[in-house]
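Notes for the one structure printed next.
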Amino acid sequence: MGNTKSTSAKRTLPTSMKALRTLFIHGGNPVPDSQWLEEARPSGVEVFVACDVTGAVDEWGDEEFHVTLMDFSATEERIVHTLDRLHEHWPKTAVVVLVDEKRGESAGLRALHAGAQDYLVKGTYDAATLCRTLRTAVERRRVMLDLERRNEEFQASEARLLSVITHNVDGILVVDSQGCVRFMNPAAELLFGVTAGGMLGKVFDYPLDPRCSREIDIRREDGKRVVVDMRVVRTEWEKTQAYLVSMRDITVRKLAEESLRESEERYALAVSGSKDGLWDWNLMTGRVYYAARWKAMLGYGDHEIGENESEWLERIHPSDLAVVKAALNDHTEGKTSHFESEHRIRHKNGAYRWFLVRGTAIRDENGKAIRIAGSQSDITERKEAEKSLKKALGELEFALASEKVLLDELDKKNKELVALSITDGLTGLYNHRFLQERFEFEFKRAKRYGVALSCMLMDIDHFKQINDTYGHQFGDLVLKEIAELLKRNSREVDICGRYGGEEFMIITNQGVEGALQYAGKLHAAIENHVFKSDDTSIHVTVSIGVTGYENDIRRRQEMIERADVALYQAKEDGRNLIRVWKEPEQTEGNAVDQREVSDLKAKFDSLSTRMRAMYIESTYALLHAVDTKDHYTEIHSQNVSRYAVAIAGRLGLHEDEVEVVKYAGLLHDVGRIGIDEQILVKRDALTEEEFEVLKKHPVIGADILRDVKFLEKEIPLVLYHHERYDGKGYPQGLRARQIPLGARILAVADAYDAMTTDRGFKSKMTSDKAVEELKRGKETQFAPEVVDAFVACLQEGEGLLRAGC
């Protein structure tokens, strides 16, 4: 028959019978006659025939078979190999093997061992036996596959269960009936502090009672104490009775409970001595402890309020309740570090009072809040005060709003005043005082950091002749237009100002070469400019002296003097020129040694001192002239000078600065010469108009001294000695450190002498009373540090004052 399918197998079986699809592999042996096939068909057997497995796969590879009948009578050795190949393609098919009679049972057993379900010995069976054997083999194969499936499922389930036990965070152990440990998972090994398998076979030293759970202390081998919650259930292990033990680590919770107990003890002490009302809410039980003080704050006795949370929450004002609950929830959920709320609680008398309630939660090892405790403070009075304050602030805000226009105007005027204090009123350039202050700053910066710095003095040639010929108004026009030319031809960092009269100063952060180019630019701009007014049209020239900073220059004034020498040289050389200061040239014929240079410098300093003294002597004549109008002025000026020197010495000023203060004290009232004598000697109180006239004497004095170059340092002190520390003085309303230190010194010395001197129309004070007045005026009229220094001088005695403290 080969690989050809039997024609009888194609016949349709009766629907009442289930066809047994059978693959017959004859292995090249003679195929039995069709008698048993014909007999098998009514039994519901559908047969497909093939020579070998390869042929069967090729012919019937797409079919499914219930059973395969294989003839292996030729060779027994091919059984295992053939069955393996067969089950590779048809894994569910049952197998029945036909064996020779002579090989008999041994070959059949080998087939069964190789995976066959049954075997038949040729010549010992009929068709009915064959059909019955085939159906029995199919059922055996089905049962075997089902057992294999169930075994695989059991193994998978067992693996999952083992994984759950192995990875469980709780410790799990199996203890046999003898009390020996038979199994423990990694979590249990970690609890006991042993390595894998370290306790297997050892006795479990803890009671095994399935009726209840218990807390036990485990002392690990490393000495660490662990507290666990242990539960026990009965089980079987290897077919014998055993115990399944589970352990959960509660060490952290136990420590928290111990801390809680300590906190309770501290709380008890705090409750007895606190003025606040304390409370303690156990979130696990819902019970709340309210201290007697807490209850008393609401007007209740100790036994009138229970331990429920409603005793607090139901008394909260309805408008506040939602906010309080939200704050409590936020804290218990860990969103806030503490609980705090201001809300109203109903008093026993029915009124609501304001309370500040604070609290902090205690949490377990998982961060869950288990308890919250805190205090409450009665803040009703504070709330009423806040309400009153809020009302007052509202009224104040209304008042301030109505004055806003006035404040804005005042701010505008203050800014204008500041601008006026540093600018020249005619030209709009910086004034003499600001130039000196800014030059001092730039000089110190150059000296400290070695940066470039140059100074130029520029003077208008024949300016007096211009004034005399064309009038002072035209002269003012020349000054203003030259100022505009300076602004247009200078950089923002260059400092240009009116130094005095027709003289201008320029300070620039350039070296001498850069300053010369700058000077040339200014010189050309002025020389090419036409100054016009009505029918007058002229050209004006200027002379410029230039000097640069050098390391041997010790003071700012030396640079100004060098620039002045260079300016003088430009004038001497014919005007309308630019000259740079230079050291005197030395040749072999006129060379001098260093000693001669020092002698020349000493003579020059002596000459300068004598010239300064001559100017001072000339100024003394002014004091005598003032004294003829007001006999008080000369003695007063001498006293003020003496006191001012004492204060300056106490404050540690340099001797040059002390000398400036000395002469400024002598000259501070020189401007009185320009005040009406009737005002100076008037015994009655001055009228407002008369006082405004008297207030002009500092400005008059500064104007008198302005053209005396040797007194340029004294001028600011004379001008500002009537300024007040709080900014309410005159003439410019400077305040605090805007006022030069020397002027602040003169203000104290002037006031003290005025209070302790008998003027005829005003009785003098004692020194102690005058000192009290000075102290009372600290930070308002007088600088605090100056008053303190003067008081210290007075305490050391009058002799120290005469010696300059």
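Across region 159-170, which residue is surrounded by the most Cβ atoms within 10 Å (Cβ to Cβ) among those that are out of contact with any Ser or Thr (no Cβ under 7 Å at 6 or more places or on another chain) and modelled with pLDDT of 80 or more? In this case the residue turns out to be Asn168.
If you take the residues in region 172-186 that are in a strand (DSSP E or B) and touching a residue at least 60 places away in the same chain (Cβ under 8 Å), which one is farthest from Asp249 (Cα to Cα)? For region 172-186, the residue satisfying everything is Asp176. For the residues Glu437, Glu442, Glu416, the requirement of being surrounded by fewer than 16 Cβ atoms within 10 Å (Cβ to Cβ), at pLDDT 90 or above and closer than 29 Å to Ile715 by Cβ singles out Glu437. Answer yes or no as to whether Met755 is modelled with pLDDT under 95 and in a helix (DSSP H, G or I). Yes; evaluated as a whole, the condition is true for this residue. Those helices (runs of 4 or more DSSP H) of region 217-322 in which 2 or more residues are of a type in the set (A, V, I, L, M) and surrounded by 15 or more Cβ atoms within 10 Å (Cβ to Cβ) occupy 251-273, 292-297.
Taking the condition surrounded by 11 or more Cβ atoms within 10 Å (Cβ to Cβ) and at pLDDT 65 or above, does Asp52 pass? Quick ask: steps written out before the conclusion?
Values: surrounded by 11 or more Cβ atoms within 10 Å (Cβ to Cβ): yes; at pLDDT 65 or above: yes.
In short, yes.
So that you can scan it fast, the table gives a plain yes or no per residue for (1) of a type in the set (Phe, Trp, Tyr); (2) touching a residue at least 24 places away in the same chain (Cβ under 8 Å); (3) assigned by TED's automatic domain parsing to the domain that holds Leu260; (4) touching a helix residue (DSSP H, G or I) at 6+ places or on another chain (Cβ under 9 Å):
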{"position": "Ala327", "(1), (2), (3), (4)": "no, no, yes, no"}
{"position": "His331", "(1), (2), (3), (4)": "no, yes, yes, no"}
{"position": "Thr336", "(1), (2), (3), (4)": "no, no, yes, yes"}
{"position": "Glu340", "(1), (2), (3), (4)": "no, no, yes, yes"}
{"position": "Asn349", "(1), (2), (3), (4)": "no, yes, yes, no"}
{"position": "Arg353", "(1), (2), (3), (4)": "no, yes, yes, yes"}
{"position": "Gly359", "(1), (2), (3), (4)": "no, yes, yes, yes"}
{"position": "Glu365", "(1), (2), (3), (4)": "no, yes, yes, yes"}
{"position": "Ala369", "(1), (2), (3), (4)": "no, yes, yes, yes"}
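Residues that are on the phi < 0 side of the Ramachandran plot, modelled with pLDDT of 85 or more and either of a type in the set (Lys, Arg) or crowded, with 16+ Cβ neighbours inside 10 Å (or both) do not occur anywhere in region 676-689. Scanning region 113-152 for residues that are closer than 18 Å to Glu101 by Cβ and among the β-branched types (Val, Ile, Thr) returns Val121, Thr124, Thr129, Thr133. For region 480-493, the criterion of being in contact (Cβ under 8 Å) with a residue 60 or more places away in the chain, in a helix (DSSP H, G or I) and within 53 Å of the chain's Cα centre (by Cα) is satisfied by no residue at all. Looking across region 510-551, the residues that are over 19 Å from Gly475 (Cα atoms), without any contact (Cβ under 8 Å) to a residue 40 or more places away in the chain and exposed (fewer than 14 other Cβ atoms within 10 Å of the Cβ) come down to Glu513, Gln517, Lys521, Ala524, Asn551.
Of all residues in region 766-800, exactly one satisfies the criterion of being within 19 Å of Ile635 (Cβ to Cβ) and modelled with pLDDT under 90, namely Glu798.
When you check Arg211 against the structure, is it crowded, with 17+ Cβ neighbours inside 10 Å, out of contact with any Ser or Thr (no Cβ under 8 Å at 6 or more places or on another chain) and not in a helix (DSSP H, G or I), yes or no?
Numbers: crowded, with 17+ Cβ neighbours inside 10 Å: no; out of contact with any Ser or Thr (no Cβ under 8 Å at 6 or more places or on another chain): yes; not in a helix (DSSP H, G or I): yes.
So Arg211 fails the test.
All of (1) free of Cβ contacts under 8 Å to residues at least 60 places away in the same chain; (2) in contact with a helix residue (DSSP H, G or I) (Cβ under 6 Å, 6 or more places away or on another chain) hold for Asp378 with one exception: (1). Could we say that Ala783 is out of contact with any Pro (no Cβ under 9 Å at 6 or more places or on another chain) and either buried (at least 21 other Cβ atoms within 10 Å of the Cβ) or in contact (Cβ under 8 Å) with a residue 60 or more places away in the chain (or both) here? Judged against the criteria, Ala783 is a match.
Go over the candidates Gly471, Gly501, Gly497 one by one and state the one that is assigned by TED's automatic domain parsing to the domain that holds Asp564, surrounded by fewer than 19 Cβ atoms within 10 Å (Cβ to Cβ) and in contact with a Phe, Trp or Tyr (Cβ under 8 Å, 6 or more places away or on another chain). Show your work before the answer.
Working: Gly471 fails: in contact with a Phe, Trp or Tyr (Cβ under 8 Å, 6 or more places away or on another chain); Gly497 fails: surrounded by fewer than 19 Cβ atoms within 10 Å (Cβ to Cβ).
Result: Gly501 is the single residue among Gly471, Gly501, Gly497 that is assigned by TED's automatic domain parsing to the domain that holds Asp564, surrounded by fewer than 19 Cβ atoms within 10 Å (Cβ to Cβ) and in contact with a Phe, Trp or Tyr (Cβ under 8 Å, 6 or more places away or on another chain).
Taking the criterion of being at pLDDT 50 or above, loosely packed, with under 10 Cβ neighbours inside 10 Å and among the small types (Gly, Ala, Ser), the only residue of region 568-595 that qualifies is Gly574.
Between a residue in region 103-117 that is within 21 Å of Trp90 (Cα to Cα) and any residue that is surrounded by fewer than 16 Cβ atoms within 10 Å (Cβ to Cβ) and among the hydrophobic types (A, V, I, L, M, F, W, C), which pairs come within a Cβ distance under 9 Å, given they are 6 or more apart or on different chains? The qualifying pairs are Arg110/Val80; Ala111/Val80; His113/Val80; Ala114/Val80; Gly115/Val80; Gln117/Met144.
Each residue in region 494-509 was checked for being outside any strand (DSSP E or B) and more than 15 Å from Asp459 (Cα to Cα), and 2 of them qualify. Among the residues in region 329-345, are any surrounded by 14 or more Cβ atoms within 10 Å (Cβ to Cβ), over 30 Å from Val228 (Cα atoms), touching a strand residue (DSSP E or B) at 6+ places or on another chain (Cβ under 9 Å) and acidic (Asp, Glu)? There is at least one residue in region 329-345 that is surrounded by 14 or more Cβ atoms within 10 Å (Cβ to Cβ), over 30 Å from Val228 (Cα atoms), touching a strand residue (DSSP E or B) at 6+ places or on another chain (Cβ under 9 Å) and acidic (Asp, Glu).
Are any of the residues in region 139-158 surrounded by 11 or more Cβ atoms within 10 Å (Cβ to Cβ), within 18 Å of Ala94 (Cα to Cα) and touching a strand residue (DSSP E or B) at 6+ places or on another chain (Cβ under 7 Å)? Let's see the steps before the verdict.
Step one: of region 139-158, the residues surrounded by 11 or more Cβ atoms within 10 Å (Cβ to Cβ) are 139-145.
If we keep only those that are within 18 Å of Ala94 (Cα to Cα) too, we end up with 139-145.
Within this subset, residues satisfying the condition of being touching a strand residue (DSSP E or B) at 6+ places or on another chain (Cβ under 7 Å) are 140-141.
Yes, region 139-158 has at least one match.
Among the residues that make up region 680-696, is at least one of them in a helix (DSSP H, G or I), among the hydrophobic types (A, V, I, L, M, F, W, C) and closer than 17 Å to His432 by Cβ? No; the residues of region 680-696 include none that is in a helix (DSSP H, G or I), among the hydrophobic types (A, V, I, L, M, F, W, C) and closer than 17 Å to His432 by Cβ. Checking each residue in region 710-741 for being among the basic types (Lys, Arg) and crowded, with 17+ Cβ neighbours inside 10 Å picks out Lys713, Arg724.
Screening Met284 against (1) touching a residue at least 40 places away in the same chain (Cβ under 8 Å); (2) in the same structural domain as Met184 (by TED's automatic domain parsing); (3) touching a strand residue (DSSP E or B) at 6+ places or on another chain (Cβ under 6 Å) leaves a single unmet condition, (2).
Which ones in region 100-134 are within 25 Å of Asp58 (Cα to Cα) and crowded, with 21+ Cβ neighbours inside 10 Å? Steps first, answer last, please.
Quick first cut of region 100-134, residues within 25 Å of Asp58 (Cα to Cα) only: 111, 114-117, 134.
Scanning region 100-134 gives Ala111, Ala116, Gln117, Leu134.
Whether a residue is β-branched (Val, Ile, Thr) and more than 53 Å from the chain's Cα centre (by Cα) was assessed, and Ile704 passes this test.
Specify which of the listed residues (Asp627, Asp656) is modelled with pLDDT under 75, of a type in the set (Asp, Glu), surrounded by fewer than 19 Cβ atoms within 10 Å (Cβ to Cβ) and part of a helix (DSSP H, G or I). Give the derivation first.
Details: Asp656 fails: modelled with pLDDT under 75.
Within the list Asp627, Asp656, the selection yields Asp627.
Give Trp237, Trp294 a once-over and let me know the one that is aromatic (Phe, Trp, Tyr) and closer than 19 Å to Glu309 by Cα. On inspection, the qualifying residue turns out to be Trp294.
The values are calculated or read from the model by the stated rules, or taken from the named source; none is laboratory data. Everything numeric here is computed off the predicted structure, so don't read it as measured data. Don't worry about glycine lacking a Cβ; one is built from the backbone with ideal geometry, like all the others, and counts go over all protein chains shown.
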